[in-house]
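Enquirer: Quick one: this structure, given as structure tokens, is what I'll be asking you about.
The values are calculated or read from the model by the stated rules, or taken from the named source; none is laboratory data. Bear in mind that the values here come from a model prediction, so they are computed numbers and not experimental data. Here Cβ is always computed from backbone atoms with ideal geometry, including for glycine, and neighbour counts include all displayed protein chains. Quick note on the areas: whole protein, heavy atoms, side chains included, nothing else; ligands and nucleic acids left out. Shrake-Rupley method; radii C 1.70, N 1.55, O 1.52, S 1.80 Å.
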Amino acid sequence: KETSNLLLQSNSFDTTWSSVNSSLTSGQSGYDSSNDAWLFTKTSVSGTTASLRQIISSNGTQTFSVYAKKGSLDWLALIVIGSSNPEAYFDLANGTLGSTNNGAISSSIYDAGNGWYRCSIVLNESLTQVRIYTANDNNVANGAAGNILIQDAQLEQGLAASPYIETTTTALYGGITDNVPR
């Protein structure tokens with residue numbers, strides 16, 4: 001199977017990602033025993049949302065995923081901006097799914113160990129942006145300030161998250177790559 005990561009700087013959230021009402025602290029202990037996770041802190045007051053955003057143009061059946069761990073906040077939301085703006089909420093305290101809304105095909109949460117989870121949303125549409133949000137509860141991304149840990153975001157074609165491929169300034173492909181220019 002061909003695998004890919006269409007995002008740029010997939011674990012450098014202070015580069016091609018835009019931070020809204022939030023701050024980032026690198027060098028945190030990650031799911032893979034590295035120190036390249038990020039503390040993602042909502043700095044704004046209640047009534048606003050905090051997000052990380054990357055502009056991208058992609059279409060078809062796709063999976064957007066990120067590794068996450070609870071901090072002072074227990075929830076994460078993944079929202080993809082496209083024709084219907086699919087979204088999914090994830091309970092990082094209990095490792096369970098929250099709501100999956102707005103035309104998302106499915107969502108999943110996988111236990112990566114040590115309190116870390118790989119959270120993903122599957123959609124089929126043209127998209128212009130991927131977003132990661134801190135959340136306070138299911139369907140509530142505009143509550144009190146707080147933080148979560150994140151690491152290794154990936155956007156790929158297909159119905160499931162494949163092993164993470166780290167990217168920097170270009171998208172990367174792996175596995176069988178019959179249709180990729182060389």
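Enquirer: Tally the residues that are open to solvent by less than 10 Å² (accessible area, probe 1.4 Å), more than 18 Å from residue 152 (Cα to Cα) and small (Gly, Ala, Ser), restricting the search to the stretch 35-54.
Expert: Summing the residues that are open to solvent by less than 10 Å² (accessible area, probe 1.4 Å), more than 18 Å from residue 152 (Cα to Cα) and small (Gly, Ala, Ser) in the stretch 35-54 gives 1.
Enquirer: Continuing with this model, one more query. Could you grab me the full set of residues in the stretch 133-155 that are open to solvent by 10 Å² or more (accessible area, probe 1.4 Å), part of a strand (DSSP E or B) and under 18 Å from residue 100 (Cα atoms)?
Expert: Within the stretch 133-155, 133, 137, 140 qualify.
Enquirer: Answer with yes or no whether residue 57 is touching a residue at least 24 places away in the same chain (Cβ under 8 Å), open to solvent by 50 Å² or more (accessible area, probe 1.4 Å) and farther than 15 Å from residue 148 by Cβ.
Expert: So residue 57 fits the description; yes.
Enquirer: Looking at (1) in a strand (DSSP E or B); (2) open to solvent by 40 Å² or more (accessible area, probe 1.4 Å); (3) farther than 17 Å from residue 145 by Cα; (4) touching a residue at least 40 places away in the same chain (Cβ under 8 Å), which one does residue 97 not meet, given that it meets all the others?
Expert: (4)
Enquirer: Right, another one. Does the stretch 80-93 contain at least one residue that is hydrophobic (A, V, I, L, M, F, W, C), modelled with pLDDT of 95 or more and open to solvent by 20 Å² or more (accessible area, probe 1.4 Å)?
Expert: Among the residues of the stretch 80-93, at least one is hydrophobic (A, V, I, L, M, F, W, C), modelled with pLDDT of 95 or more and open to solvent by 20 Å² or more (accessible area, probe 1.4 Å), which makes the answer yes.
Enquirer: Which residues, taken from the stretch 1-18, are among the small types (Gly, Ala, Ser) and either in contact with a Cys (Cβ under 9 Å, 6 or more places away or on another chain) or open to solvent by less than 60 Å² (accessible area, probe 1.4 Å) (or both)?
Expert: 4, 10, 12
Enquirer: Also, I was wondering about something else. Which members of the stretch 107-127 meet the condition of being buried (at least 18 other Cβ atoms within 10 Å of the Cβ) and not aromatic (Phe, Trp, Tyr)?
Expert: Looking only at the stretch 107-127, we keep the residues that are buried (at least 18 other Cβ atoms within 10 Å of the Cβ), and these are 107-109, 112, 116-123, 125, 127.
Once the filter is applied, which keeps residues that are buried (at least 18 other Cβ atoms within 10 Å of the Cβ) and not aromatic (Phe, Trp, Tyr), the stretch 107-127 yields 107, 108, 109, 112, 118, 119, 120, 121, 122, 123, 125, 127.
Enquirer: Does residue 102 satisfy being within 19 Å of residue 137 (Cα to Cα), touching a Ser or Thr at 6+ places or on another chain (Cβ under 7 Å) and surrounded by fewer than 20 Cβ atoms within 10 Å (Cβ to Cβ)?
Expert: Judged against the criteria, residue 102 is a match.
Enquirer: Something else now. Starting from the stretch 1-29, keep only residues that are at pLDDT 95 or above, then list their pairs with residues that are of a type in the set (Phe, Trp, Tyr) and part of a strand (DSSP E or B) whose Cβ atoms are within a distance under 7 Å, requiring at least 6 positions of separation or different chains.
Expert: 13/38; 22/40; 24/38; 24/40; 25/38; 26/38; 28/38
Enquirer: Please pick out the residue among 68, 77, 104 that is hydrophobic (A, V, I, L, M, F, W, C), in contact (Cβ under 8 Å) with a residue 12 or more places away in the chain and part of a loop (DSSP other than H, G, I, E, B).
Expert: Working: 68 fails: part of a loop (DSSP other than H, G, I, E, B); 77 fails: part of a loop (DSSP other than H, G, I, E, B).
None of the others qualify; the one that does is 104.
Enquirer: Does residue 41 fit the bill of being hydroxyl-bearing (Ser, Thr, Tyr), within 14 Å of the chain's Cα centre (by Cα) and part of a strand (DSSP E or B)?
Expert: Criteria not met by residue 41.
Enquirer: Return yes or no: is residue 130 at pLDDT 95 or above, more than 22 Å from residue 41 (Cα to Cα) and either open to solvent by less than 20 Å² (accessible area, probe 1.4 Å) or not in a strand (DSSP E or B) (or both)?
Expert: Criteria not met by residue 130.
Enquirer: Could you grab me the full set of residues in the stretch 113-130 that are in contact with a Lys or Arg (Cβ under 6 Å, 6 or more places away or on another chain) and more than 16 Å from residue 73 (Cβ to Cβ)?
Expert: 129
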